[in-house]
Amino acid sequence: MVGPSRANWVIYVSLLAALMLSALPLPEAMQWWRPEWVPLVLLYWIVALPTRVGLGTAWVLGILLDVLEGSLLGLNALALTVVAYVMLLVYQRVRMFSWLQQWLFVFALVALYQLIVHWVKGTFGTTSLSLMFLMPALVSAVLWPALFMLLRGVRRGFNVL
Amino acid sequence: MTQPSLGITTIKPIFIKDSDVGLRMLVLAVISLLLIFTDYKFREMDVLRSGLTTLVSPIQYVVDVPPRMMEWLNRTTADYHVLLEENEELRGQSLVLQRKLQKMTALTAENIRLRELLNSVEKVDEVVTLAQVIGVDPDPFSHELVVNKGSNEGVRVGQPLLDASGVMGQVISNSRFSSRVLLLTDSRHAIPVQINRNGVRAIAVGTGLTGELQLLHLPDTADIVEGDLLISSGLGGRFPYGYPVATVGEVRHDPGQPFANVKVHPNAQLTRSRQVLLLTSREQPSVKQELNEVLEQAPSDSVNENSAEAL
């Protein structure tokens, strides 16, 4: 299919922006408050266009994030794929969710992402035992409605269907 | 509507097949796990990683633009008097350093003469490359930096990184245009040190906390007090001898523990330095040659790898 509605670049640019935001240096005290941009933007596109953004996108994105963060190659790829899978199973229900339900769901998904990353890191190296790693999930969930509206606006503005 | 009706249209799929998704998820997850395992176990993956890092290094450079803009803005809008003051201060500092340098020449000459008397190897001076920090690891659990010099400028894995006041860490991977540096405070890092005052040796390992290292296996009777300067001991061959590493902050003797509990603070400004130095040390020839001869006779070639990994 061809036409203005297949503006793939909008998706790619938003994902690239998420990658950049996740690599942005933050002051020491702010480190725990960084939202997980990449899972958030990925989740949005899966809810909006599950036929076009899916597991493959999640995996490639994960590899790029791994390289950018210098973590074990495949770590973020694994976590993002699993999260994308869960979202793909229930995206139709998520579209019907109220904001509160979306909050909780996004919190759970990002927490799952963090947990997988944490598990793998714990298995193949050392990480601290504190539960602080769940903090970004909370921040991400709080940010979700704003990001959802923003990306929906962008999607409709560029007529990406 | 004016839209012409087409005879055959491909219907845009609205739903995706569930069984398909599950299988693909499984395949991708298995591939990821295999990748993680290979990356963890084998060094060959470094080539792939370095290639991919070169691919994403534009992102790192772009991300560094806002801080650099701020810096530029600060510089261009700085007050004339402030600049004048700073200039004066720097002049003073330079004078003090020059005075020290005058002494240094004499001391270096004396040092070489004494070494000759002792028949020991002559120290070779290290060469430094200036680099700039362009990125910080977003993960709070790992203490890593990205600097803007890569294999194109001759940066190698294992090279020490310094700032104006001490050792910062070492290069752990590089791409063409950037390198990743593991800081002293990362819990995966350890550096052999010695107390400048009396030469007692120890190993300073990172704790994962910013601004704190721990000395491992230091006996309770060791002569160490608060405020002692720790310098790199040069053992292990990765960090050259004599660079300041940390200052002793707290020494605790617990009768129930076999070793003293010593906390030290790194001298380098790990979270603030932007201008850093990459050190290229020319190895001391005789030791290296001896080692090479031994290695050539030994059947296995993994000795070098292991010693590098142990650090």
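When you scan the stretch A:54-62, do you find a residue that is more than 14 Å from every other protein chain (Cβ to nearest Cβ), out of contact with any strand residue (DSSP E or B) (no Cβ under 9 Å at 6 or more places or on another chain) and not small (Gly, Ala, Ser), even just one? Within the stretch A:54-62, none of the residues are more than 14 Å from every other protein chain (Cβ to nearest Cβ), out of contact with any strand residue (DSSP E or B) (no Cβ under 9 Å at 6 or more places or on another chain) and not small (Gly, Ala, Ser). Checking the stated criteria, residue A:123 turns out not to satisfy the condition of being surrounded by fewer than 20 Cβ atoms within 10 Å (Cβ to Cβ), more than 30 Å from residue B:179 (Cα to Cα) and within 10 Å of another protein chain (Cβ to nearest Cβ).
Taking the conditions exactly as written (facing chain B (nearest Cβ under 10 Å) and either farther than 28 Å from residue B:70 by Cβ or at pLDDT 95 or above (or both)), does residue A:5 satisfy them or not? In short, yes. Scan the stretch B:125-135 and give yes if some residue there is within 14 Å of another protein chain (Cβ to nearest Cβ) and touching a helix residue (DSSP H, G or I) at 6+ places or on another chain (Cβ under 8 Å), otherwise no. Yes, the stretch B:125-135 contains a residue that is within 14 Å of another protein chain (Cβ to nearest Cβ) and touching a helix residue (DSSP H, G or I) at 6+ places or on another chain (Cβ under 8 Å). All but one of (1) polar (S, T, N, Q); (2) away from chain B (no Cβ under 11 Å); (3) closer than 18 Å to residue B:142 by Cβ hold for residue A:14; state the number of the condition that does not hold. For residue A:14, the failing item is (3).
Applying the condition of being closer than 21 Å to residue A:28 by Cα and of a type in the set (A, V, I, L, M) to the stretch B:144-163 and asking which residue is surrounded by the most Cβ atoms within 10 Å (Cβ to Cβ) yields B:146. Residues that are crowded, with 21+ Cβ neighbours inside 10 Å and in contact with a Ser or Thr (Cβ under 9 Å, 6 or more places away or on another chain) were ranked within the stretch B:184-194; the one that is farthest from the other protein chains (Cβ to nearest Cβ) is B:193. In the stretch B:260-277, the residue that is farthest from residue B:151 (Cα to Cα) out of those that are assigned to a strand (DSSP E or B) and touching a Leu at 6+ places or on another chain (Cβ under 6 Å) is B:262.
Given the residues A:160, A:90, A:82, A:142, which is the only one that is aliphatic (A, V, I, L, M) and away from chain B (no Cβ under 14 Å)? The unique qualifying residue is A:142.
Checked against (1) within 14 Å of chain A (Cβ to nearest Cβ); (2) touching a residue at least 40 places away in the same chain (Cβ under 8 Å), residue B:209 passes all but condition (2).
Would you confirm whether any residue within the stretch B:215-231 is among the small types (Gly, Ala, Ser), touching a strand residue (DSSP E or B) at 6+ places or on another chain (Cβ under 8 Å), without any contact (Cβ under 8 Å) to a residue 60 or more places away in the chain and at positive phi? Within the stretch B:215-231 (the criterion being among the small types (Gly, Ala, Ser), touching a strand residue (DSSP E or B) at 6+ places or on another chain (Cβ under 8 Å), without any contact (Cβ under 8 Å) to a residue 60 or more places away in the chain and at positive phi), the answer is yes, since at least one residue qualifies.
If you check A:140, A:98 for being among the polar types (S, T, N, Q) and under 30 Å from residue B:207 (Cβ atoms), only one passes: A:140. Note on the stretch A:93-117: residues that are of a type in the set (Ser, Thr, Tyr) and either within 18 Å of the chain's Cα centre (by Cα) or under 13 Å from residue A:141 (Cα atoms) (or both) amount to 1. Looking at A:90, A:120, A:67, just one residue is in contact (Cβ under 8 Å) with a residue 40 or more places away in the chain, part of a helix (DSSP H, G or I) and more than 13 Å from the chain's Cα centre (by Cα), and that residue is A:120. If you scan the stretch A:131-155, which residues turn out to be at pLDDT below 90 and surrounded by fewer than 19 Cβ atoms within 10 Å (Cβ to Cβ)? Within the stretch A:131-155, A:131, A:132, A:134, A:135 meet the criteria. Against the condition surrounded by 15 or more Cβ atoms within 10 Å (Cβ to Cβ) and at pLDDT 85 or above, how does residue B:28 come out, does it pass? Answer is yes for this residue. Scanning the stretch A:22-47 for residues that are part of a helix (DSSP H, G or I), at the interface with chain B (Cβ under 9 Å from one of its Cβ atoms) and buried (at least 17 other Cβ atoms within 10 Å of the Cβ) turns up A:22, A:23, A:31. Could you say which residue among B:50, B:32, B:57 is under 22 Å from residue A:59 (Cβ atoms), touching a strand residue (DSSP E or B) at 6+ places or on another chain (Cβ under 8 Å) and among the hydroxyl-bearing types (Ser, Thr, Tyr)? After ruling out the rest, the residue left standing is B:50.
The values are calculated or read from the model by the stated rules, or taken from the named source; none is laboratory data. Predicted, not measured: the structure shown is a model, and the values here were computed from it. Here Cβ is always computed from backbone atoms with ideal geometry, including for glycine, and neighbour counts include all displayed protein chains.
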